[in-house]
1. Starting from the Cα-Cα distance between Gln217 and Ala2, subtract it from 0.36 nm times their residue separation and give me the gain in nm to one decimal.
2. Counting Lys and Arg as +1 and Asp and Glu as -1, each charge on the Cβ, what is the dipole of region 160-260 about the Cα centre in debye, to the nearest 20?
3. I need the Kirkwood Rh of region 14-54: take the reciprocal of the average 1/r across all distinct C-alpha pairs and report it in angstrom.
4. Using only the heavy atoms of the protein chains and a 1.4 Å probe, how would Leu152, Leu238 rank by accessible area, largest first?
5. Per residue, how much space in cubic angstrom lies within the convex hull of the C-alpha atoms of region 216-260?
6. If you count only protein heavy atoms and use a 1.4 Å probe, how large is the accessible surface of Ser190, to the nearest 10 Å²?
7. Per 10 Å bin, what percent of the C-alpha pairs of region 22-103 does each bin hold, from zero upward?
8. At what distance in nm do the modelled label points of Thr36 and Arg79 sit from each other, each positioned 7 Å from its Cα along Cα→Cβ?
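The values are calculated or read from the model by the stated rules, or taken from the named source; none is laboratory data. On a predicted model such as this, the values are computed, not experimentally measured, just so you know. Ideal geometry is used to build each Cβ from the backbone, glycine not excepted, and the neighbour counts take in all protein chains shown. Accessible surface areas use protein heavy atoms only, side chains included; no ligands, DNA or RNA. Shrake-Rupley method; radii C 1.70, N 1.55, O 1.52, S 1.80 Å.
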Amino acid sequence: MAAPGRVVLLACGCFNPITNMHLRLFELARDNLERTGLYKVIEGIISPAHDKYGKKGLVPSTDRVAMAQLALATSDWVRVDSWESEQTGWLETVKVARHLKRQVRNKYGSMADSETDGPTRKRRKTQHNANNIDEDAGSSTQVASGDVQLKLLCGADLLESFAVPNLWKSEDIKELASDFGLVVISRAGSNPEKFIYESDVLSKYKSNIHLVTEWIQNEISATKIRRSLRRKESVRYLVPDPVINYINEHQLYQPDTETS
């Protein structure tokens, strides 16, 4: 029997602020993928968006990265990557995925590398190609046998945003679905299957889209968290305690500075 394919999960977004639900998505995705017997999830990555994403009420990326790092301090498999937030401007998700795919494959190598090329892998791990985000974009998305796969982890709302006019490039949607793959967390009552069926691109690559239903209802959202913080209401048990402490210490999401 073939060994399970190794997978790294990538979640992109504002994380403004990071919530317990953001963290929960990774656990749900890992359980679902590994339950199939086809995959072994070896790492999770959170990539906070650049400040120039332009969303109303977005606090600086330095704060969002710091809060995410605090939230993940006890995780032994999910980490924060600040590369996206450190670029000169906002980047499309597919460009972030390409960069992190190169990083992941340099870090872990192929199955053969992991067995025979330890010292070389260690040297490659330190290389950081931050200046050429589109380098070899075509070939970099080709998955060789035994290589680690990078899959985009998202909620059903992101999947449905593919249909919003002028929000996503059609070629980016195709690349994310075909060359990376999607792990979509939906809630009871949502219907991502119908959305995939109605999309020609997503239907073509539906075998590379993994749907996970969250049966335990959880309506935590960063928007609602910010609203509660503006109103001086408690968000304990919705947001990790170290993140709450950071927000209070740095006086983030105050009524006079936060308007969304």
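1. Value of the extension gain: 73.8 nm.
2. 340
3. 11.9
4. Leu238, Leu152
5. 67
6. Accessible surface of Ser190 is approximately 50 Å².
7. 16, 42, 33, 8, 0
8. Taking the two extended label points, one gets 2.5 nm.
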